[in-house]
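**Student:** This is the structure I have questions about; it appears just below.
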Amino acid sequence: MKVFYYNQRKLRNWAIASLFIFLISLGFTATTRPEIILVSVIKLIALLSTLLAFYVYLRPQELARIDSKGIKIDHGAMLRWSDIQAIEKRKIGFWGRKILKLKIKAEKKYPLTFMQKISSFSKYGAFSIPLYAMTKEDALAVEEEIGAHFLEDSHKTNSREAQKRINSKNKNQTNKKLKKNA
C-alpha cells in the first residue's frame, strides 16, 4: 500500500498567506469602529481561516491511498479497480492544472462526501486526483501506480472495454516509437 500526501510547501504558502490576510484584517478592524458587527465578522472569518490553514499544514493531509484492491481519494470511499471504467488525464482551468479523472462504471454506486457531490457537477468529476496539489515526483508515482493497477485489473476482467483500453494504449506506444525512429 502506498500513501500520497498534499504538497507541504504549497500548504505552508497558503497558511502564511492566510496569516497575512488575518493581520491585515486586524489592522483594518483596529482603524474602524469595533461596534460594527461586520467588522467583527470579518475578523472572525480571517481568524478561523488562519487556524484551519495552519491545522492543514501541520497535520499531513492524505491525498490518495493506493493498494492492490483499489484506490481511496481524500476521505472518500475505497474504489475497486474493477469498478473503474476509464482514467483520463485532463488540464483544468485557466492555468492548465493537471488532474486524473477516474470514471466509474454506470451501474456502480459509491457513497460521496460533500465535496465529491459538489465537484461531480464540475469538470473535475466526483473521483479525481489533483496532480497539481502534490510534488512532481509524487504525481509521477501516482500516475505509474494507477496505470499499473488499472491495466493489471483490466487483464483479469477480460472485458471488451478493458481490451480496447489495452489495445489503444499499445497502439499509442507503437505510434510514439515509430515517430521516434522516423
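**Student:** Would you mind telling me which numbered condition in (1) modelled with pLDDT of 80 or more; (2) surrounded by 13 or more Cβ atoms within 10 Å (Cβ to Cβ); (3) small (Gly, Ala, Ser) Ala148 fails?
**Tutor:** (2)
**Student:** Also, I was wondering about something else. Would you check which residues across the range 40-66 are surrounded by fewer than 14 Cβ atoms within 10 Å (Cβ to Cβ) and among the basic types (Lys, Arg) and list them?
**Tutor:** Arg59
**Student:** Among the residues of the range 110-120, are any assigned to a loop (DSSP other than H, G, I, E, B), farther than 27 Å from Tyr57 by Cβ, out of contact with any strand residue (DSSP E or B) (no Cβ under 6 Å at 6 or more places or on another chain) and modelled with pLDDT of 85 or more?
**Tutor:** Pass one, the range 110-120, residues assigned to a loop (DSSP other than H, G, I, E, B): 110-113, 120.
Those still in the list that are farther than 27 Å from Tyr57 by Cβ too: 110-111, 120.
Then keep just the ones that are out of contact with any strand residue (DSSP E or B) (no Cβ under 6 Å at 6 or more places or on another chain); that gives 110-111, 120.
Right, trim to modelled with pLDDT of 85 or more and you get 110-111.
So far as the range 110-120 goes, yes, one or more of its residues are assigned to a loop (DSSP other than H, G, I, E, B), farther than 27 Å from Tyr57 by Cβ, out of contact with any strand residue (DSSP E or B) (no Cβ under 6 Å at 6 or more places or on another chain) and modelled with pLDDT of 85 or more.
The values are calculated or read from the model by the stated rules, or taken from the named source; none is laboratory data. Just so we're clear, the structure is a prediction, and the values are computed from it rather than from any experiment. When we count neighbours, we look across all protein chains shown, and the Cβ atoms used for this are built from the backbone with ideal geometry, even at glycine.
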